[in-house]
Amino acid sequence: MNRDAIKAAAEWHAQLCADDAGPEDLAAHERWLQAHADHRWAWQQLQTLRGKLGALPGGAAAGALERIGTSRHGRRSALKGVALLIAAGGAGWLGVREYPALAAGHRTALGERRSVTLADGGTLILNGDTRVDVRYDARQRLIELHAGEILVQSAPDAAGRPLRVRTRDGLVEALGTRFIVRRLPEATRVGVERHAVRLQPAGAPTLGRRLEAGEQAEFTAAAVLPLSAPASEPGAWVNGMLVVADMPLGEFAAELARYRPGHLGCAPEVARLRLSGAFPIDDTERALHAVAQALPVRIRHFTRYWTRIEGV
């Protein structure tokens, strides 16, 4: 492990996240990336760590990297914690890797999708940057979703064991179904493609709710929050597409950013423009080109890892 390179990557992240970061910072960052292969490797490790922090319990670490100061003044103390986590002596880094949520039976990298055949003949499809454990025993079939998003196609079980997906927010129980579960920073989102599921918040089991095909909801440990018609097709990612209908451009940028390394931002002056269409997530540059053709925006690449959608 090149600890100096990882520490420098954390410092660059803090610098680029500052409110007063400008084009000169982005250009200097690109020169740093191109100066050595270790720099590029360390920057990618930091991007991966952002996803891993989101898997820690209680949200205590979620967004930690994004909260490293909003100005150059005062961000050093927060940066020390991140530097210790990913660079100082390796103990912090190993602590993250060895946390049970990261010791998943199946995992995918950013932009990767994977299909897994379950022991009962069902199918589990992992979206990018996803980590799960599959635990079948005599009493139940349990899939623990630690981070990311999955599609579950259930299969009949001769022993009659329930099939459940567990997140930190509670349980999703299949009722003969095909459904999608996604971990969000503050909740779990569930969409049902076929049949039905039952949601059970961890801290309020009596507030459980049944979802039918075509419905989706978000739930926390304390409540179930019904959602209106989604602005995107929940399961389109399985076929390599992001399908949206009248979605705000800022929200679209956040969704597309899940499938590409580095930072993809959207200028506030165009974030409320509405977008509809089908966009390839395996070729995000082509997707961005299509956005620029559909709306009065331009795609500005400051570096290979820092892109912004702006007004023309």
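The values are calculated or read from the model by the stated rules, or taken from the named source; none is laboratory data. A quick note: this is a predicted structure, and the numbers were derived from the prediction, not measured. Cβ coordinates were reconstructed from backbone atoms using ideal geometry, including for glycine residues, and neighbour counts include every protein chain displayed. The protein model used for the area step is the full one, side chains on, heavy atoms only, and it has no ligands, DNA or RNA in it. Shrake-Rupley method; radii C 1.70, N 1.55, O 1.52, S 1.80 Å.
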Index of the failed condition, ARG286 passing every other in (1) among the basic types (Lys, Arg); (2) out of contact with any helix residue (DSSP H, G or I) (no Cβ under 8 Å at 6 or more places or on another chain); (3) surrounded by 13 or more Cβ atoms within 10 Å (Cβ to Cβ): (3)
Counted residues, region 227-256 - those being within 21 Å of THR188 (Cβ to Cβ) and in a helix (DSSP H, G or I): 6
Residue that is farthest from LEU275 (Cα to Cα), among those in region 205-235 that are of a type in the set (A, V, I, L, M) and at pLDDT below 90: LEU207
Qualifying position, being in contact (Cβ under 8 Å) with a residue 24 or more places away in the chain, more than 18 Å from the chain's Cα centre (by Cα) and open to solvent by 20 Å² or more (accessible area, probe 1.4 Å), among ARG178, ARG168, ARG182: ARG178
Count - residues of region 266-294 that are farther than 23 Å from GLY128 by Cα and part of a helix (DSSP H, G or I): 3
Near pairs, Cβ below 7 angstrom, 6+ apart or cross-chain, from region 189-216 (part of a loop (DSSP other than H, G, I, E, B)) to any residue that is of a type in the set (A, V, I, L, M) and open to solvent by less than 50 Å² (accessible area, probe 1.4 Å): ALA202/ALA221; GLY203/ALA221; ALA204/ALA223; GLY208/LEU199; ALA213/VAL192; ALA213/ALA196; GLY214/VAL192; GLU215/VAL192
Cβ-Cβ under 8 Å pairs, at least 6 apart or on other chains, region 233-250 side open to solvent by 30 Å² or more (accessible area, probe 1.4 Å), far side in a helix (DSSP H, G or I) and not hydroxyl-bearing (Ser, Thr, Tyr): VAL243/ALA236
Top-ranked residue of region 295-309 - restricted to ones that are open to solvent by 20 Å² or more (accessible area, probe 1.4 Å) and part of a strand (DSSP E or B), ranked as nearest to ALA254 (Cα to Cα): ARG308
Output for region 105-148, where each listed residue is on the phi < 0 side of the Ramachandran plot and out of contact with any Leu (no Cβ under 9 Å at 6 or more places or on another chain): GLY105, ALA109, LEU110, ALA119, ASP137, ALA138, ARG139, GLU144, LEU145
Lone qualifier among LEU225, LEU264, LEU242, LEU256 - being under 15 Å from the mean Cα position of the chain (by Cα) and under 29 Å from ARG209 (Cα atoms): LEU242
